[in-house]
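The structure under discussion appears below in the form of structure tokens.
The values are calculated or read from the model by the stated rules, or taken from the named source; none is laboratory data. Bear in mind the structure is a predicted one, so any value in this text is a computation, not a measurement. Cβ placement follows ideal geometry from the backbone for every residue including glycine, while neighbour counts extend to all protein chains displayed.
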């Protein structure tokens, strides 16, 4: 029995296979996996005998469901008018190029999710970038990349500590 | 409980017709010979009255209520106005919104013309997937009639589209083309790819292998459709199963040939 | 959490006995510290205060009878964290961690009041010791919120000591289902979720419908921005909702209930779950309730993150494992609802009123309020008022009393402009109607609606066109997208409003908006679509001049829409300090030392940095 089959089986049993409890089932699955993996959804479709297209309709309808994992860190770049005037555009391009991640997406190694938003209200210190809620101001393409590389260094350091 | 009359009367634009309890205003209109435009309604499948093009006015005494004709159940005597100013204005407004969304559909334009709507004054502010108006008929026919449920809705609000799961070619599509047949605005197309011997349902990108005529090599129908249909047929005749592997043209030639050989026709000498 | 041993209550007498026992536990002189951990106070760190008080209680000797309780939203969130001390009902506000020791020493052990923590009337300077002395509370009448701030929502014993489940016992032992419905009918209770439909009529229709099983649902999908009434009740007194549901289920003939809670309220889910567990343990929920032949149980479902699921048919679709899309209501849900069965859905606050109606009688309830709107209503008073928070007032009170007496008037000495009620389905009511009496029909006549209780106060600095745009944008994102008018119409209206607020409005835009509003109202499939244009229509009705200014003069009178007003430096107030010059990202300010600075309007990008930075408020919005 595959891992996903086991997990899905457990979740379905918890709700006695009741299709009406589909959303709680998906919430449990997402709580376990961090998102809703496609193969798990296929498995769920088989267990419940509900077409995959209906599961997909439910997943894409409700805002709380994710089909791809979120990164370990949340990076938000402000692209409001003032930040933009001060070069946020080139910062965005640099991040896209260096880490191969588009706004709204997550890096392949799931280190961080990258969001571009329209004005965080800190125009005095533009350009502004937030990492896990912490403000970085007066950011340049170089300094932004340095900060983001620092995240993976943190990760490596944390792993080292964990295994020591 | 307000179950109503067993055979209520609908007075529709002055014309009285009787319907069975639970039939819709649209059913009554058909009986009375009154035309009401429809898009998301189809007698073969269930619908949600989502397109809102069939709006009519229901007499409520001191006011008139706009309701959708295709799913309003008649349970007692009612009076309905189809050609009133209010009803026409409502339907035209909805059509104008649709034309703004899907400007290139010839079928939609034709329906608009018939309704007396020449053009829309609204700008295009939403994106549609090749003029899709989200009527949902394709989704319903695939689930209810074909039983495959290969496509469904995805997303919410203006981002709502019809798609196969994960927006990848569907694993469940059998390439029957029912969705293309039922689509009222010409969004869905069946494409034959001769070299790959595949049928594609566009824009969903789903493909299915085609059954090829053993005689002439022409594509006949999706293999899966053929197998499913055969699976439902009780005929156990070997000849029948052979015949199915020929395209209609070749089948006719073969039959004609055999008839001739059997000297079936007694011609006077 | 065990309460009184594990014995299940098997009769009304058992319950009464338990209530007496619990009450007897505390002597009149017993001390109690109640720390509010409702949403507002919790955001300011009150849970930590509760911890500190608990530690202090632990440390006191056995000779002092004292307990600390964490209670639900008391209401005056502006003054949080709030701490109440018994005996004496002493009201402390804006309590911080260092104050805990002082309160303990002075008030609890020493029976002295800590002056600096008392509420001070901003007009008279007078200090209030108890909530009754504070205008904010004096004007209120609390029925649905009666238990909030009083009981510990995580302890069913507290609820019972205060009279909880007595109404249920009365119903099960001495009333028929029809009698219960008659009592609610006499009360004149109308739905508190926004629809205002007569509750008893709904219950009766459901009771008389064919089909089984029948379902009872509590709509906890509170989604209006600025509204947290239901959250306060679910977290502050979950048993009131549960008791109400059991009574309703008995009246209707249902054995299965659901509470649908918005995904963004995990604490509400937690509190309700705990309350349900305790209720089951005690025998007031589940099989053979209080030893009677009536069985009923409740299940909690969380939403998936969709505002539209507050609509009853969308909610039911969600409970069926489908996308939350509304459906036609030509056949009502009381006839065919969840899984096609007769279903009765009511809002959290509606359910919370039921026990009080049974306890005090329908006549009592109908003696409060107006002719067609009985009882009270909970409102979330937020926005530009001095006192923001949760209030419950009798129907018929004027808007003026709510905004000025309870709300304390507009903050910062600004002028009142409008109050928005009913959330995205509602409208804005201007100053000329402040004396309107708050009731279902009055508010609808004024172009708004009661809604679920959100009341957002706006002042002279609020651009009403921008308000309309905000709500339209919200609805466009939350629309399910099924029907043409809502999905396409909202996008068309938003497009126009964006043009108008950017200075690209055209003559005819207002008429276009009105035309679209009519179309949506008549042809949309559900209430979300049908009422979607209300914010636009009501702002056009009362603030047409603002729309005209935006469109014809490309000017925003409230000076909120960027680009539609200018910044200028007041040469008399300017001290030439140079801060604005240094901070201007477009280098649009010129000026030397001792010379009033000037903004070059051509270079200015209207970012507002100078206005924010100037320490002498010499930059004006013009």
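Assorted remarks:
- In the stretch C:470-493, residue farthest from residue C:322 (Cα to Cα) [restricted to those that are more than 8 Å from chain B (Cβ to nearest Cβ) and surrounded by fewer than 22 Cβ atoms within 10 Å (Cβ to Cβ)]: C:470
- Set side by side, the residues A:64, A:53, A:45, A:68 differ, and just one is under 28 Å from residue B:173 (Cα atoms) and modelled with pLDDT under 95, which is A:68.
- Residue C:503 touching a helix residue (DSSP H, G or I) at 6+ places or on another chain (Cβ under 8 Å), on the phi > 0 side of the Ramachandran plot and in contact (Cβ under 8 Å) with a residue 12 or more places away in the chain: yes
- Listed by position, the helices (runs of 4 or more DSSP H) inside the stretch C:1-65 whose residues that are more than 30 Å from residue C:227 (Cβ to Cβ) number at least 1 are C:12-24, C:46-59.
- Members of the stretch C:78-123 found to be within 21 Å of residue C:37 (Cβ to Cβ) and over 30 Å from the mean Cα position of the chain (by Cα), listed by number: C:98, C:101, C:102, C:103, C:104, C:107, C:108, C:114
- Extreme residue, nearest to the chain's Cα centre (by Cα), among residues of the stretch C:384-418 that are in contact (Cβ under 8 Å) with a residue 24 or more places away in the chain and on the phi > 0 side of the Ramachandran plot: C:389
- Selection within the stretch B:83-111 - more than 13 Å from every other protein chain (Cβ to nearest Cβ) and surrounded by fewer than 23 Cβ atoms within 10 Å (Cβ to Cβ): B:83, B:104, B:106, B:107, B:109, B:110, B:111
- For the stretch C:265-274, the criterion of being surrounded by fewer than 24 Cβ atoms within 10 Å (Cβ to Cβ), outside any helix (DSSP H, G or I) and touching a helix residue (DSSP H, G or I) at 6+ places or on another chain (Cβ under 8 Å) is satisfied by at least one residue.
- Those helices (runs of 4 or more DSSP H) of the stretch C:142-202 in which at least 1 residues are outside the structural domain of residue C:270 (by TED's automatic domain parsing) and touching a strand residue (DSSP E or B) at 6+ places or on another chain (Cβ under 9 Å), considering only elements entirely within it, cover C:156-161.
- Test result for residue C:513, without any contact (Cβ under 8 Å) to a residue 40 or more places away in the chain, buried (at least 24 other Cβ atoms within 10 Å of the Cβ), within 30 Å of residue C:330 (Cα to Cα) and within 14 Å of chain B (Cβ to nearest Cβ): no
- Test result for residue C:336, surrounded by fewer than 24 Cβ atoms within 10 Å (Cβ to Cβ), without any contact (Cβ under 8 Å) to a residue 12 or more places away in the chain and either in a helix (DSSP H, G or I) or outside the structural domain of residue C:477 (by TED's automatic domain parsing) (or both): no
- For the stretch B:141-160, the tally of residues that are surrounded by fewer than 21 Cβ atoms within 10 Å (Cβ to Cβ), more than 8 Å from chain A (Cβ to nearest Cβ) and closer than 14 Å to residue A:59 by Cβ stands at 1.
- Test: residue C:409 is modelled with pLDDT under 95 and surrounded by fewer than 17 Cβ atoms within 10 Å (Cβ to Cβ): no
- Residue, farthest from residue A:126 (Cα to Cα), within the stretch C:571-613, restricted to residues that are more than 14 Å from chain A (Cβ to nearest Cβ) and within 45 Å of the chain's Cα centre (by Cα): C:573
- Residue within the stretch C:497-506 that is over 30 Å from residue C:328 (Cα atoms), assigned to a helix (DSSP H, G or I), at pLDDT 95 or above and away from chain B (no Cβ under 14 Å) present: yes
- Complete set of residues in the stretch C:301-333 that are outside any helix (DSSP H, G or I), more than 9 Å from chain A (Cβ to nearest Cβ) and more than 18 Å from residue C:222 (Cβ to Cβ): C:327, C:328, C:329, C:330, C:331, C:332, C:333
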